[in-house]
1. How much mean residue ellipticity at 222 nm does the chain get from its helices, if each DSSP H run of length 4 or more adds -39500 (n - 2.57) and you divide by all residues, to the nearest 500 deg cm²/dmol?
2. Which value results for Rg/Rh of segment 278-317 when Rg is the Cα radius of gyration and Rh the Kirkwood radius based on the inverse mean 1/r?
3. Give me the tail of P(r) for segment 92-143 as a percent: Cα-Cα pairs with distance above 19 Å.
4. Just the number, please: Stokes-Einstein D of segment 151-192 in µm²/s, Kirkwood Rh from C-alpha pairs, 25 °C, 0.890 mPa s.
5. List, in the order given, every pair from Lys29/Lys401; Lys251/Lys280; Lys280/Lys322; Lys227/Lys280 whose Cα-Cα distance in the structure shown is over 23 Å.
6. Could you estimate the translational diffusion coefficient of segment 304-418 from the Stokes-Einstein equation, with Rh from the Kirkwood formula over C-alpha pairs, at 4 °C and 1.567 mPa s, in whole µm²/s?
7. Could you run the Karplus curve 6.51 cos²θ - 1.76 cosθ + 1.60 with θ = phi - 60° over segment 27-39 and give me ³J(HN,Hα) per residue in whole Hz, x for Gly and Pro?
8. List, in order, the whole-Hz ³J(HN,Hα) value for each residue of segment 400-405 obtained from phi through the Karplus relation with A = 6.51, B = -1.76, C = 1.60 and θ = phi - 60°; use x for Gly and Pro.
Amino acid sequence: MSLENQIIQIAKQARAAARIMATLSAEQKNRALFAIARQLEKDKELIQAENAKDVAAARENGLSDAMIDRLTITDKVLEGMVEGLEYVAGLEDPVGTLSDSSIRPNGLEMARMRIPLGVIGIIYESRPNVTVDAAGLCLKAGNAVILRGGSEAIHSNQALARAIEQGISTQGLPAGAVQVIPTSDRAAVDIMLKQEEYIDLIIPRGGEGLIRHVVAASSIPVLKHYKGVCHAYVDELADLEMGVSIVLNAKAHRPGVCNALETLLVHEGVAQQFLPMVHKALTQAGVTLRGCPKTCAILPDAVPATEADWPMEYLDLILAVKVVKDMDDAMAHIAAYGSNHTEAIITTDLNRSRRFIREVDASLVIVNASTRFNDGGQLGLGAEIGISTSKLHAYGPMGIKELTTTKFVAWGNGQIRI
């Protein structure tokens, strides 16, 4: 069978499965989620052995430490997959719920009913935990899903796919409900992106290059975020000790993820005091600073920043730093260089925090906390299928509800239109 026919067959199976998935009860879906979780635990050694092959190849190919961290399935990562599935099983099922009900003047009763999107295609890089998170969320929302992971995680994703398939099969769910494209051939992606007859939505997760390629090549609607250029603004009225803690966590906790801090903005009124404090903590964590002229005047060992640093998503232990005149200056910088992902303010002033929340445009605007909280699990979604910065139809982490839509339903008593 040719690659094109293979992808079309997968897409057809997903479409057929989606019709069944949309009719399942919450109890049936929850049992399937728990079955997948138990199968992951059972297959732990096999999964980690396959993952070790991918990690070894990544090291040979010179992938960065941050990328290898995202690729590795540690005991903790596997436990997180299991806990995520169990958490999602405990969430309320949105499918079939009614909202916005009303009665028209002619007596016709109207409402919106929440329904699955149908077939979702997910294209992603490096992080094999996406395979499980995406499968679990799509399943709970009543969708079928086609997963295409990166070539660097091919062994890991295939092992996880086998566990998922075995788990759902024990509960009688259709095999086409969760499918992983079984090849690393990049041509498979472009073929998949043309299956608008069978696939309802594409969600890419990965680097900016991948996402832009998907957007350009797809005949299917794409829900995306290009990159995470996340800022933290330390206000003139900030608790500086708190600011150091937040900035250190946001930058150094996991620098290779999209909600890591990439640019620090500091009010000129506290720059002389705050920058040496945060510089000490960041340097101890191995972070290199690239600063504006005012920053470099305070921190002589900072690397002078260039214009290219301000829109940069480093995904590494590098932080751009700029001293700003005030909050208006900070918000103007964010508007010019931000990516609508995550923006934070550190301040003790309630009015300034309220204004920052109101005026800054991002999928998460956060006060006095790390940018690392823009995550489905941290925001109560159990897990996420991605973070949308495109606003249509979702903005921010996509959980179960964001994987559904609504249709109008109406009840009449013989009404006719005249």
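1. -13000 deg cm²/dmol
2. On the way: Rg = 10.3 Å, Rh = 10.7 Å.
Using only Cα positions, Rg/Rh for segment 278-317 is 0.96.
3. Numbers: 646 of 1326 pairs.
Tail fraction, whole percent: 49.
4. 217 µm²/s
5. Details: Lys29/Lys401 15 Å; Lys251/Lys280 14 Å; Lys280/Lys322 17 Å; Lys227/Lys280 28 Å.
In this structure, Lys227/Lys280 exceed 23 Å between Cα atoms.
6. So the translational diffusion coefficient is about 76 µm²/s.
7. 5, 4, 5, 5, 4, 5, 5, 5, 5, 5, 4, 5, 5
8. The phi angles translate into 4, 4, 6, 9, 10, 9 Hz.
Each reported figure results from applying straightforward, stated rules to the coordinates on display, with no laboratory input. Computed from a prediction, not measured in an experiment: that's the story for all the values here. So basically every Cβ, Gly included, is an ideal-geometry build from the backbone, and we count neighbours across all protein chains shown.
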